[in-house]
Structures are given as C-alpha cells and as structure tokens.
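I have placed the structure first, in the form of structure tokens, so that the comments after it can refer back to it.
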Amino acid sequence: MKCIAISSGGTAGHINPALSIAHKLAGKGWQIHYLGNKDSLEQKLLAKTEFSFYELNVQKIYRKLTLAHLKFPFKLLMSIASSRRVMKEIKPDVFLGCGGFVCGPPGFAAHLLHIPIILQEQNSYPGLTTRLLSKYSDMIFLGNKQAKSHLTKARTEYSGNPIKAYPTYKKIITNNSINKRTIFLVGGSQGSLALNNMMVEVAQPLLEQGINIIWQTGMRHYKKLHQLMGNQKGLTLFDYSTEIDKHYHNADIIIARAGALTLAELETLHKPSILIPLPTSAENHQLFNAKEQAEKGIAEVIEQKDLTPETLIKYINNMLSRITEYEDNFGETLHANAAEHIAAYIDLNYGRE
C-alpha cells in the first residue's frame, strides 16, 4: 500500500494544511502515518481521524534566554533518533512536512534514510524548519508567492494554502440590520487581548455610525466582555464558532491578525481586511504575510504599536467607503484546490505501481 509519513505541529496553522492534504491522499489509497509531539494539539486533532499517530518529544527553540536551551541538543538528537526508528518501521514512500518545529527531526530522519521530502510552507517568510529542510527537499509548495525569494536554492511551486471548501451562505445577521455595513473582528479561539481591548474603545462610536459589529472574543474573554458590552442593537458577540465561514459571509470587512490560513480564507471568500499582525509571531512572519496582502490591494495593515482607537476607526471608515475598489482587486486564488493539487502531485510522483 502507498505510504506517507507526515509531520507538522505547534499551531493549527501548520497542522490543518497537513490534515487537508492527508485526507486527499487517503482518498487516493494512501496509508497515513503522522509524527507529532506527545500531548499536543496535533495529537488531539489526529485523535479525531483514522490516521496512525506516533509520539515524539521535540523541543522548540525558545526566542529568549532560558535553561531549556541546555537540553535542546540532546532532545534534538533523541527526537531525530526516534523519528528514524519510526521511519524504518513504516517504510514511507515519501515524507511531507508542513512546518512548525515538530517536523524538523522527522524531516532530518527522512533525509538520513534517503526518503524523498516534500514541504508545504504557509507563510510569506518561510519558517526556520522549512529553510533548514529546503536543501534536502524535492519540492516546496508555497502558500504565498513571496516565499520563493527566500528559498532561491530550492525547487518551489506556488500552490496556495490548503484550506477547507466553504459553501456560499445567504447574508443573514442576527440582531443586526441587513442593510447596514458590517465589520467582523476575528480574535481566534483564545481571543486577542489587544484587539478586544481596542474594540471596547471603538464599538460604541461605530454602532452610533450605524455600523454592525460581529465580534469573536475568544473563549477566555467572552464572559467579561459580554457583561461589559451587554446586548446592544447591531452587536453580535460570541466566544468561538466552528462555523466561522458563516460570519465571514455576513461581514463586509474583517479585522484580524495575519495568520497564513486566515488570509487564505479571506482571499478565497473575497473579503477585504484590516490586518493587525501579531508582533510576537515567529520571525515576525505575520507582518510579511500582511504586507503581501496589502500589496495586492485587498487589505490594509496597522502594526500593533501604531494601533489607536482613532486610527482603527479611520481605517474602517476609509475601507467601507471604498469597499468596491478593494473587492475588485481580488482575483482567482488557488487556496481552495491546494490540498488536491499537492496530493495529486505526491500520488503521481511517489505512488507505487
């Protein structure tokens, strides 16, 4: 049976593309073996699938001084050795790495065993793991075109970022007026304290302008913000939703961080956005992601250090007044078909006869 080893981890932004490709490959008759950290998000998500999961103990590289750095060389060697044992057991035809520190040791183990390596990089500025493994890879599929300039010695192809397919919904907004403009603040499952605090400052002026607000607070902040904001006409407040696409469809513009998959979803759905990159993202990759969207004319960028209530309201009003101009800048995107494209490439080039 055709067999693939897959690894990615740390955040859903790395794991979900890997799972999207894995499901496509499974549909083509591939056996899926996933290597990830023990007691991790990837292990929790893999538990909902029928794929095999192999536990590793990979230590991340901390970006501050810590005693954990002393353990790093030993844990790295141990995790490479563990990955090598798994690879020798399952004998994969190919290895797929979708970023995050977790896929580094399995990637190096695949190289040591002469197993072909395919990578998928989500961000405009490639992560450290992708840059290190790029010299051993057969192909790197890019979610953003600008990543190519940082991987000049590797074979790359722009494929878009693998995302799930979203259906089209009729625009219906509970508690709001369908005839008014609507903004949607996306804070993520845990929420963004900085974005939530800013929205507290600007919500009332925006509501008084007749602008509807959909606000995903995150689970940690919902109770406090609900007590503070109450049930106001034009305001839809919720903690988290597994059907985030319905809220995307109801909004005219999105206010969000600049994670690669969020941007791929917004680009696919043709939703203009005001992006406030997470300043602590690894190697500031969210700022690179956001700037690429701004260059396409489909987003505006406010760095968090420059974020004020006055600035945010100014950007919102300006974008709403020119909404058609932003919408016209969207073109066809590859994101919705990226998982199938990558899976088809792997199946064609590495599938056993």
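Matching residues to (1) more than 20 Å from the chain's Cα centre (by Cα); (2) within 15 Å of Asn161 (Cα to Cα); (3) touching a residue at least 60 places away in the same chain (Cβ under 8 Å):
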| position | (1), (2), (3) |
| --- | --- |
| Ile274 | no, no, no |
| Phe288 | no, no, yes |
| Glu292 | no, yes, yes |
| Glu327 | yes, no, no |
| Phe330 | no, no, yes |
| Asn337 | no, yes, yes |
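All but one of (1) of a type outside the set (A, V, I, L, M); (2) in contact (Cβ under 8 Å) with a residue 24 or more places away in the chain; (3) over 26 Å from Ala12 (Cα atoms) hold for Glu300; state the number of the condition that does not hold.
Of the numbered conditions (1) of a type outside the set (A, V, I, L, M); (2) in contact (Cβ under 8 Å) with a residue 24 or more places away in the chain; (3) over 26 Å from Ala12 (Cα atoms), the odd one out for Glu300 is (3).
Which residues, counting only those in the stretch 104-152, are basic (Lys, Arg) and modelled with pLDDT of 95 or more?
Arg131, Lys135, Lys148
Considering the stretch 312-353 alone, what residues qualify as being over 14 Å from Arg181 (Cα atoms) and outside any helix (DSSP H, G or I)?
Result: Asn329, Phe330, Gly331, Glu332, Thr333, Leu334, Gly351, Arg352, Glu353.
Residues in the stretch 150-164 that are within 15 Å of Leu132 (Cβ to Cβ) and among the aliphatic types (A, V, I, L, M): how many?
Result for the stretch 150-164: 2.
Would you be able to say whether some residue in the stretch 299-318 is more than 16 Å from Phe184 (Cα to Cα), small (Gly, Ala, Ser) and modelled with pLDDT of 95 or more?
So far as the stretch 299-318 goes, no, none of its residues is more than 16 Å from Phe184 (Cα to Cα), small (Gly, Ala, Ser) and modelled with pLDDT of 95 or more.
Looking only at the stretch 199-214, which residues are free of Cβ contacts under 8 Å to residues at least 24 places away in the same chain and acidic (Asp, Glu)?
Matches in the stretch 199-214: Glu208 only.
So Phe238 passes all but one of these: (1) of a type in the set (A, V, I, L, M, F, W, C); (2) in contact with a His (Cβ under 9 Å, 6 or more places away or on another chain); (3) closer than 18 Å to Tyr158 by Cα. Which condition number does it fail?
Exception for Phe238: condition (3).
Could you check Ile173 against (1) surrounded by fewer than 20 Cβ atoms within 10 Å (Cβ to Cβ); (2) modelled with pLDDT of 90 or more; (3) assigned to a loop (DSSP other than H, G, I, E, B) and say which number it fails?
Condition (2) is where Ile173 drops out.
Scan the stretch 132-160 for residues that are in contact with a helix residue (DSSP H, G or I) (Cβ under 7 Å, 6 or more places away or on another chain) and surrounded by fewer than 17 Cβ atoms within 10 Å (Cβ to Cβ) and jot them down.
Leu132, Lys153, Tyr158
Quick one: which helices (runs of 4 or more DSSP H) sit completely within the stretch 190-275 and have at least 3 residues that are crowded, with 21+ Cβ neighbours inside 10 Å?
Helices (runs of 4 or more DSSP H) meeting the threshold: 193-208, 260-268.
Take the residues of the stretch 1-12 that are surrounded by fewer than 23 Cβ atoms within 10 Å (Cβ to Cβ) and either among the small types (Gly, Ala, Ser) or out of contact with any strand residue (DSSP E or B) (no Cβ under 6 Å at 6 or more places or on another chain) (or both): which is nearest to Ala339 (Cα to Cα)?
So, considering only residues that are surrounded by fewer than 23 Cβ atoms within 10 Å (Cβ to Cβ) and either among the small types (Gly, Ala, Ser) or out of contact with any strand residue (DSSP E or B) (no Cβ under 6 Å at 6 or more places or on another chain) (or both), the one nearest to Ala339 (Cα to Cα) is Ala12.
Out of Ser40, Ser20, I need the residue that is in contact (Cβ under 8 Å) with a residue 12 or more places away in the chain, within 16 Å of Ile118 (Cα to Cα) and among the polar types (S, T, N, Q). Which one?
Going through Ser40, Ser20 in turn, the sole match is Ser20.
Taking Leu19 and the conditions (1) aliphatic (A, V, I, L, M); (2) at pLDDT 95 or above; (3) in contact with a Lys or Arg (Cβ under 9 Å, 6 or more places away or on another chain), which numbered condition does it fall short on, given that it satisfies the others?
With (1) aliphatic (A, V, I, L, M); (2) at pLDDT 95 or above; (3) in contact with a Lys or Arg (Cβ under 9 Å, 6 or more places away or on another chain) applied to Leu19, the lone miss is (3).
Filter the stretch 116-161 for residues that are of a type in the set (Gly, Ala, Ser) and assigned to a loop (DSSP other than H, G, I, E, B) and give the result.
Ser124, Gly127, Ser137, Gly143, Ala154, Ser159, Gly160
Within the set of pairs 6 or more residues apart or between chains, which connect a residue that is closer than 14 Å to Ser273 by Cβ inside the stretch 234-256 to a residue that is surrounded by fewer than 17 Cβ atoms within 10 Å (Cβ to Cβ) and hydrophobic (A, V, I, L, M, F, W, C) with Cβ atoms less than 8 Å apart?
Asp252/Ile323; Ile253/Ile323
The values are calculated or read from the model by the stated rules, or taken from the named source; none is laboratory data. It should be emphasised that the depicted structure is a prediction, and the values quoted were computed from it without experimental measurement. Quick reminder, even Gly has a Cβ in these numbers, built from the backbone with ideal geometry, and neighbours come from all protein chains shown.
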